[in-house]
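Below is one structure, written out as structure tokens; the observations come after it.
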Amino acid sequence: MEQGTKRSQRDYSLAFKLSVVEQVEKGEITYKEAQKRYGIQGRSTVLVWCRKHGLQDWTSPRGRTKRRMTMTNEPAKPLTPEQRIKELERQLREERQKSALFEAVIDTLKGEHGVTVKKPSGRSSHAKKSKD
């Protein structure tokens with residue numbers, strides 16, 4: 001980072017974000033309660049995390065917008081190749097983050113708790129071929 005440049009936002013770890021999102025999605029706390037409890041300053045920060053890392057489907061609109069869309073009976077427009085690439089890149093980024101999180105969990109289980117976790121080989125088709 002350049003000298004003299006100040007950041008006004010905190011950097012939160014992926015594990016922290018996922019923990020907050022999980023609490024909100026389970027209904028343990030609201031996103032506003034999460035902001036207060038954890039001192040998250042941005043008004044929409046937790047909502048952005050929920051959209052990005054949560055399990056809920058945020059692609060379909062709610063409320064009046066949804067009713068308006070269904071009344072028009074217009075089919076959804078297919079994504080342009082650029083939009084599809086952008087969406088796939090976003091999905092890849094998320095999967096890489098999840099993978100890194102799982103690797104960290106496995107390392108923690110191994111290092112701190114002595115638990116051995118067997119990773120799947122991912123070559124089930126190879127195993128099937130060898131049986132033939």
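The table below gives the values:
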| quantity | calculated |
| --- | --- |
| Boolean, Q97 is surrounded by 11 or more Cβ atoms within 10 Å (Cβ to Cβ), out of contact with any strand residue (DSSP E or B) (no Cβ under 9 Å at 6 or more places or on another chain) and in contact (Cβ under 8 Å) with a residue 40 or more places away in the chain | yes |
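Every residue, every condition in (1) closer than 18 Å to E94 by Cβ; (2) over 12 Å from the mean Cα position of the chain (by Cα); (3) exposed (fewer than 12 other Cβ atoms within 10 Å of the Cβ); (4) in the same structural domain as K98 (by TED's automatic domain parsing), yes or no:
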| position | (1), (2), (3), (4) |
| --- | --- |
| L18 | yes, no, no, no |
| E33 | no, yes, no, no |
| Y38 | no, yes, no, no |
| R43 | no, yes, yes, no |
| R51 | yes, no, no, no |
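The values are calculated or read from the model by the stated rules, or taken from the named source; none is laboratory data. Quick caveat, the model's predicted, so the values are computed rather than measured. Positions of Cβ are backbone-derived with ideal geometry, glycine not excepted, and every protein chain shown enters the neighbour counts.
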